[in-house]
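Reading through the structure tokens given below for one structure.
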Amino acid sequence: MKDDCIFCKIAAGEIPSNTVYEDDSYRVILDLGPAARGHALILPKEHYADIYELPDDKAGEVFRLAKKMAGRMKSALGCDGFNVVQNNGEIAGQTVFHFHMHLIPRYENDGQKIGWTPGEPSQEELQETARIIREEN
Ligand code: 5GP
Ligand code: ZN
């Protein structure tokens, strides 16, 4: 646990939250500033700043939990769609530097936009980018 981390404190139950799921390793809470009704956050109880620090086994667990919660939330809330979002780094929109995964139920006419402006790279650029990533290990 990191002393000055609000999500460590929430995950440990030291700061109250609207918890929708809890086990030994995770707490799932409602986001205070939801994109839509039921917007929740998966918090590991251990502190990892972001996806780069998250251990491999935790990465698998987090996505399994996201799937379980998506099913439950779809049944409970009757949402029409579902976004799973996970931000890393300030430029990517991360504001709390304790790994978390957003579970965002979506509803017809909810007025939210979660997306990006598509680029128009050439085939050469795409091929070069793919090569650079492929050759990294
Ligand atoms: P990020 O932008 O880092 O991906 O997401 C941080 C999220 O945490 C935001 O959606 C924000 O509304 C939420 N948040 C920030 N502080 C608190 C808090 O104290 N309690 C809860 N429940 N959510 C928080
Ligand atoms: Zn933390």
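The values are calculated or read from the model by the stated rules, or taken from the named source; none is laboratory data. All of these numbers come straight from a predicted model, not from anything done at the bench. Don't worry about glycine lacking a Cβ; one is built from the backbone with ideal geometry, like all the others, and counts go over all protein chains shown. The accessibility values were calculated without ligands, DNA or RNA, using every heavy atom of the protein model including side chains. Shrake-Rupley method; radii C 1.70, N 1.55, O 1.52, S 1.80 Å.
Determine whether residue 102 is assigned to a loop (DSSP other than H, G, I, E, B), within 29 Å of residue 5 (Cβ to Cβ) and of a type outside the set (Asp, Glu). Spell out the reasoning first.
Details: assigned to a loop (DSSP other than H, G, I, E, B): no; within 29 Å of residue 5 (Cβ to Cβ): yes; of a type outside the set (Asp, Glu): yes.
No; evaluated as a whole, the condition is false for this residue.
Let's see how each residue does on (1) in contact with a strand residue (DSSP E or B) (Cβ under 7 Å, 6 or more places away or on another chain); (2) aliphatic (A, V, I, L, M):
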residue	(1), (2)
47	no, no
50	no, no
77	yes, yes
85	yes, yes
89	no, no
110	no, no
123	no, no
130	no, yes
134	no, no
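Filter region 96-116 down to residues that are in contact with a helix residue (DSSP H, G or I) (Cβ under 9 Å, 6 or more places away or on another chain) and more than 17 Å from residue 47 (Cα to Cα) and give me whichever is nearest to ligand 1 (Cβ to nearest atom). Let's see the steps before the verdict.
Kept after step one, since they are in contact with a helix residue (DSSP H, G or I) (Cβ under 9 Å, 6 or more places away or on another chain), are these residues of region 96-116: 96-101, 103, 105, 107.
Filter again for more than 17 Å from residue 47 (Cα to Cα), leaving 103, 105, 107.
Working: 103: 11, 105: 14, 107: 18 Å.
So the residue we want is 103.
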Practice task
Having 1 or more residues that are more than 10 Å from residue 103 (Cβ to Cβ), open to solvent by less than 70 Å² (accessible area, probe 1.4 Å) and of a type in the set (D, E, K, R) is the bar; report the strands (runs of 3 or more DSSP E) wholly within region 1-86 that clear it.
Solution key: 26-30
Handout entry: Those residues of region 63-95 which are within 17 Å of residue 33 (Cα to Cα), more than 9 Å from ligand 1 (Cβ to nearest atom) and among the aliphatic types (A, V, I, L, M), in sequence order
Key = 84
Exercise for the section: Look at region 23-48 and say how many of its residues are within 13 Å of ligand 2 (Cβ to nearest atom) and over 15 Å from residue 69 (Cα atoms). Expected result: 4
